[in-house]
Amino acid sequence: SLAILAEGKTVGLQVTSLSGSGDSLVYLERSILGTALNQTTSVVFDTALHMRRLDQDGTAQGQHTSIKIAYGSGRVRGTATVPAAGGPKTTTIDTAVSETIIDDNAVQAILPLLKWDVNTRWTFEVFSSGENRIRTLTLTAADLTRIRVPAGEFECYRADVTGGPQPLSFYVTSTAPHRVVKIELEHAPIEFVALNP
């Protein structure tokens, strides 16, 4: 569980889990940010971390949102309904993608599965389902530092992410199971901090 803080005050909550189900891995995420966001996301991979599907539903900026897409045979197909100036906008998705692509909603899910070390860098393609576009993200284990959050004090890798719509940093514990205990968004007044030990 991660509390969402703005200027030190709790304004929301994000609860995540990663579990096995048959020949699949299932990442579940529930995010609540006041009246601005109330969203449930389910991402399904196979056991080799190839994308299978994404189901997301909720409200954002007072508008209904829904993304339902399936990955397979070199394509991603489905629909995405996202907030827009004149009301929710629905886009049909049918895009060629590589076998190794990751949905942008799944980046946080794969962090515990990486082989962490300082100055390690990963570059990977992500499909930004809300934008119906492919981006290339770079994740860099830039530093090893101690941080304190409500869940306790941890030695963490600071993992900087570039190439997305907004640079951000994940703080990932240096010891297994490599939990995300803090998330910072560059030039944004909010951060996410772990609540439970």
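Please state which one of Ala96, Ala70 is touching a Gly at 6+ places or on another chain (Cβ under 7 Å), surrounded by 13 or more Cβ atoms within 10 Å (Cβ to Cβ) and without any contact (Cβ under 8 Å) to a residue 24 or more places away in the chain.
Details: Ala96 fails: surrounded by 13 or more Cβ atoms within 10 Å (Cβ to Cβ).
Just one listed residue meets the conditions, Ala70.
Would you say Val11 is crowded, with 16+ Cβ neighbours inside 10 Å and in a strand (DSSP E or B)?
no
In this structure, Thr47 does satisfy being at pLDDT below 95, open to solvent by 30 Å² or more (accessible area, probe 1.4 Å) and farther than 24 Å from Val193 by Cβ.
For every residue, the table says whether it meets (1) touching a residue at least 24 places away in the same chain (Cβ under 8 Å); (2) of a type in the set (Gly, Ala, Ser); (3) touching a strand residue (DSSP E or B) at 6+ places or on another chain (Cβ under 6 Å).
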{"site": "Ser1", "(1), (2), (3)": "yes, yes, yes"}
{"site": "Leu5", "(1), (2), (3)": "yes, no, yes"}
{"site": "Gly8", "(1), (2), (3)": "no, yes, no"}
{"site": "Leu33", "(1), (2), (3)": "yes, no, yes"}
{"site": "Ala36", "(1), (2), (3)": "yes, yes, no"}
{"site": "Phe45", "(1), (2), (3)": "yes, no, yes"}
{"site": "Met51", "(1), (2), (3)": "yes, no, yes"}
{"site": "Asp57", "(1), (2), (3)": "no, no, yes"}
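Are any of the residues in the range 20-30 hydroxyl-bearing (Ser, Thr, Tyr), in a strand (DSSP E or B) and loosely packed, with under 13 Cβ neighbours inside 10 Å? Yes: the range 20-30 contains one or more residues that are hydroxyl-bearing (Ser, Thr, Tyr), in a strand (DSSP E or B) and loosely packed, with under 13 Cβ neighbours inside 10 Å.
Suppose we keep only residues that are at pLDDT below 95 and crowded, with 16+ Cβ neighbours inside 10 Å within the range 31-44. Which one would you say is farthest from Ile69 (Cα to Cα)?
Kept after step one, since they are at pLDDT below 95, are these residues of the range 31-44: 33-37.
Filter once more, so that each one left must be crowded, with 16+ Cβ neighbours inside 10 Å: 33, 37.
Numbers: Leu33: 24, Leu37: 21 Å.
Filtering the range 31-44 for residues that are at pLDDT below 95 and crowded, with 16+ Cβ neighbours inside 10 Å, the one farthest from Ile69 (Cα to Cα) comes out as Leu33.
Every test in (1) open to solvent by less than 70 Å² (accessible area, probe 1.4 Å); (2) in a loop (DSSP other than H, G, I, E, B) is passed by Ala85 save one, and that test is (1). Screening Ser128 with (1) touching an Asp or Glu at 6+ places or on another chain (Cβ under 6 Å); (2) open to solvent by 30 Å² or more (accessible area, probe 1.4 Å) gives one miss only, at (2).
Tell me, which strands (runs of 3 or more DSSP E) wholly within the range 134-191 include 2 or more residues that are out of contact with any helix residue (DSSP H, G or I) (no Cβ under 6 Å at 6 or more places or on another chain), charged (D, E, K, R) and open to solvent by 20 Å² or more (accessible area, probe 1.4 Å)?
Details: elements: 152-162, 168-173, 180-185.
Of the strands (runs of 3 or more DSSP E) lying wholly inside the range 134-191, those with at least 2 residues that are out of contact with any helix residue (DSSP H, G or I) (no Cβ under 6 Å at 6 or more places or on another chain), charged (D, E, K, R) and open to solvent by 20 Å² or more (accessible area, probe 1.4 Å) span 152-162, 180-185.
For the range 40-75, give me the residue count where each residue is part of a strand (DSSP E or B) and touching a Phe, Trp or Tyr at 6+ places or on another chain (Cβ under 9 Å). Before you say what the answer is, go through the steps one by one.
Applying the first criterion (part of a strand (DSSP E or B)) to the range 40-75 yields 40-46, 51-60, 63-72, 75.
Now restrict to residues that are touching a Phe, Trp or Tyr at 6+ places or on another chain (Cβ under 9 Å): 41-45, 51-54, 69, 71.
Residues in the range 40-75 being part of a strand (DSSP E or B) and touching a Phe, Trp or Tyr at 6+ places or on another chain (Cβ under 9 Å): 11 in total.
The values are calculated or read from the model by the stated rules, or taken from the named source; none is laboratory data. Predicted model only: the values in this text are computed from it and were never measured. Glycine also receives a Cβ, built like all others from the backbone with ideal geometry; neighbour counts cover every protein chain displayed. SASA here: full protein model, heavy atoms, side chains in, ligands and nucleic acids out. Shrake-Rupley method; radii C 1.70, N 1.55, O 1.52, S 1.80 Å.
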